Amino acid sequence: MLIFNRSKYLILILVFLFSCEEAEYILDNRSDPANMDLVPPALFFHPPEIDVELGADVSVQIYGLELLPASAAHLKIKYDWGMLEYNSITANEFFTGINNPVVVDIPEQGLLDIYLYYLPDLIADQSEGGTWPLVTINFTAYAEGESDLEFDTDITVLKDFNNNSVLINEFGMGKINID
């Protein structure tokens, strides 16, 4: 009986030792901000590359990576209007508040001027900052090819509640492949 109990405990110890090994993960997701080689604070398109079929609707988010707090933003986005048709835009978590904080102007085909505002309340007068999606842009793919998505870095700006520019070190590119 003593031998049976020892072997029983030995088996339990072996099972415990093998079940406590740490999993090994390969962090190779290109859409993960940590793998995008961007120096924060940064703005980028998420996912950075999308494959869609002709005629399909496609959504892409504009993300902020380790952004400082902000009260407003003007994002100027360039896209290939010969392949994509702009449908709509939705504000996301970065500029949450009691308002619908987004206005879109289309000054010409292939350009979007997106204005975001944080409406102050009794708790805050600007966003908390951090890594959050700012907006989701919805397109329809209507011609085959590749459409680059990019920020007009001369125009795109975030402002704090004192109307000072918020630092943005880098702007990531995006791409929509239409087959």
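Some notes on this structure:
- Each listed q (0.15, 0.20 Å⁻¹) maps to a log10 I(q)/I(0) for the stretch 39-178, found by the Debye formula over equal Cα scatterers with no solvent: -0.69, -1.15.
- Put simply, when 39-46, 159-166, 78-85 are sorted by average Cβ atoms within 10 angstrom per residue, most first, you get 39-46, 78-85, 159-166.
- For D80, nonlocal amide neighbours, meaning residues 5 or more places apart or on other chains whose placed amide H falls under 5 Å from its own, are D148.
- Computed lengthening from N87 to N169, 0.36 nm per intervening residue step minus Cα-Cα distance: 26.6 nm
- Charge dipole of the stretch 39-178 about the Cα centre (unit charges at C-beta), most positive-ward option of F95, S59, N169: F95
- Normalised by 2.2 N^0.38 Å, where N is the number of residues, the alpha-carbon radius of gyration of the stretch 130-179 equals 1.50.
Values in this text are rule-based calculations from the coordinates and carry no lab data. Bear in mind that the values here come from a model prediction, so they are computed numbers and not experimental data. Note that we place each Cβ from the backbone using ideal geometry, even for glycine, and neighbour counts take in every protein chain shown.
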